[in-house]
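The values are calculated or read from the model by the stated rules, or taken from the named source; none is laboratory data. These numbers were taken from a predicted model, which means no experiment stands behind them. All Cβ positions, glycine included, derive from the backbone under ideal geometry; neighbour counts span all protein chains shown. Heavy atoms of the whole protein, side chains included, go into the accessibility calculation; ligands, DNA and RNA do not. Shrake-Rupley method; radii C 1.70, N 1.55, O 1.52, S 1.80 Å.
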Amino acid sequence: MSDATIRAVIDTDPGIDDAVAILHALSSPAFDILGLTTVAGNIGIATTTRNAGRILALAGRGDIPVIAGAPAPLSRKGFDTADIHGNDGLGGVRFPEPAVPPLADAVEWLAGLLMREPEGSIDILALGPLTNIARLVSDYPEAARRVRRLIAMGGAVDEPGNVGPRAEFNIAADPEAADIVFRAGVETVLVPLDVTRKVRATRAYTAALRETGVAAAAAASADLIDAYFLSTSGGESRPLHDPCVMLFAERPDLFRLETLPIAVDLGEAPEAGALDVDRKAGSAIAVAVKVDSEGALELLAARLSGE
Ligand code: BDR
Ligand code: CA
């Protein structure tokens, strides 16, 4: 393991794009993934947890633990996105069953890991609602202070939302959790729709992934993205939201960050979870505002193909 290796826990609600992001991290020498903590989001906790185990089984990484986390947002009812991610959360794409049963209590497990490992050595790559991370911050503040960096997909800044005019799914699914996390002082990079909508897979992209032939991660990702084409409408390409977290972690030079005072709207839908840039009430968060889309897509394809 090189000094530059990113030692990380992935907090996730798989989910089609979560699966592609996890396969990227497992395929890349840049990451040492210590565990997958799960959260309800795209679909219920039993399914996101099972899917985390299925993705690890496909990648032959049954040695990485899956730890089940929050079954529901802190104080609201979650969304149901079965129309996008399918009843199984992975668009009906074939995956093996988990090699190992999941462990319980993601937040307690995360806290234990952070207290055991050197301070500032572990990143959290968050691909779903921030419920587990908010619980970590509230229940284990000492452990939360030891996180090196939280990189989270979520929000929309200068861009329309995807569940409301200004609200994005991961933040809107649990706005109170995002509010707690942003105020906690954990070093955070937010990867919003402003950049994830610019990293888009076309049919030609999935065809090229499939042609690489040998890598299971590439073939599965091609099937996942094709399933996403079937379940959503709109244009010739699909946005790769969650993979942008791994792409940022591995190649921050592909992105431009701006530190903005971010506040979360805690009102009612459809504004719930919308982000406000608010100099008085906001917390200073590094937000990804620009991306080299071509470079990002190239890196993702190379990693999924085993390069
Ligand atoms: C986010 O919402 C989920 O449906 C995706 O997995 C991604 O994390 C995009 O808004
Ligand atoms: Ca997700």
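In this structure, is Ser233 polar (S, T, N, Q) and open to solvent by 10 Å² or more (accessible area, probe 1.4 Å)?
Numbers: polar (S, T, N, Q): yes; open to solvent by 10 Å² or more (accessible area, probe 1.4 Å): yes.
In short, yes.
Looking only at region 140-191, which residues are small (Gly, Ala, Ser), closer than 19 Å to Pro14 by Cβ and either modelled with pLDDT under 95 or over 13 Å from the mean Cα position of the chain (by Cα) (or both)? Don't jump to the end; show me each part of the working.
From region 140-191, those small (Gly, Ala, Ser) are 143-144, 152, 154-156, 161, 164, 167, 172-173, 177-178, 184-185; that's our starting set.
With the extra rule that they be closer than 19 Å to Pro14 by Cβ, the set shrinks to 152, 154, 172-173, 177.
Across region 140-191, the qualifying residues are Ala172, Ala173, Ala177.
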If we keep just the residues of region 5-48 that are in a helix (DSSP H, G or I) and farther than 24 Å from Leu297 by Cα, which is nearest to ligand 2 (Cβ to nearest atom)? Thr48
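If you take the residues in region 158-193 that are hydrophobic (A, V, I, L, M, F, W, C) and touching a strand residue (DSSP E or B) at 6+ places or on another chain (Cβ under 6 Å), which one is most open to solvent (accessible area, probe 1.4 Å)? Even if it seems obvious, please write down each step before you answer.
Kept after step one, since they are hydrophobic (A, V, I, L, M, F, W, C), are these residues of region 158-193: 163, 167, 169, 171-173, 177-178, 180-182, 184, 186, 189-191, 193.
From what's left, touching a strand residue (DSSP E or B) at 6+ places or on another chain (Cβ under 6 Å): 178, 182, 186, 189-191.
On the way: Ala178: 1, Phe182: 10, Val186: 28, Val189: 8, Leu190: 0, Val191: 0 Å².
Once the filter is applied, the top-ranked residue is Val186.
Going through region 196-245 one residue at a time, which ones are outside any loop (DSSP other than H, G, I, E, B), within 12 Å of ligand 1 (Cβ to nearest atom) and under 30 Å from Arg149 (Cβ atoms)?
Our first condition is that a residue be outside any loop (DSSP other than H, G, I, E, B); within region 196-245, this holds for 196, 200-211, 216-231, 237-239, 243-245.
Restricting the remaining residues to those that are within 12 Å of ligand 1 (Cβ to nearest atom) gives 196, 224, 228, 231, 238-239, 243-245.
Scanning region 196-245 gives Thr196, Leu224, Tyr228, Arg238, Pro239, Pro243, Cys244, Val245.
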Within region 49-77, which residues are among the aliphatic types (A, V, I, L, M), open to solvent by less than 10 Å² (accessible area, probe 1.4 Å) and part of a helix (DSSP H, G or I)? Ala52, Ile55, Leu56
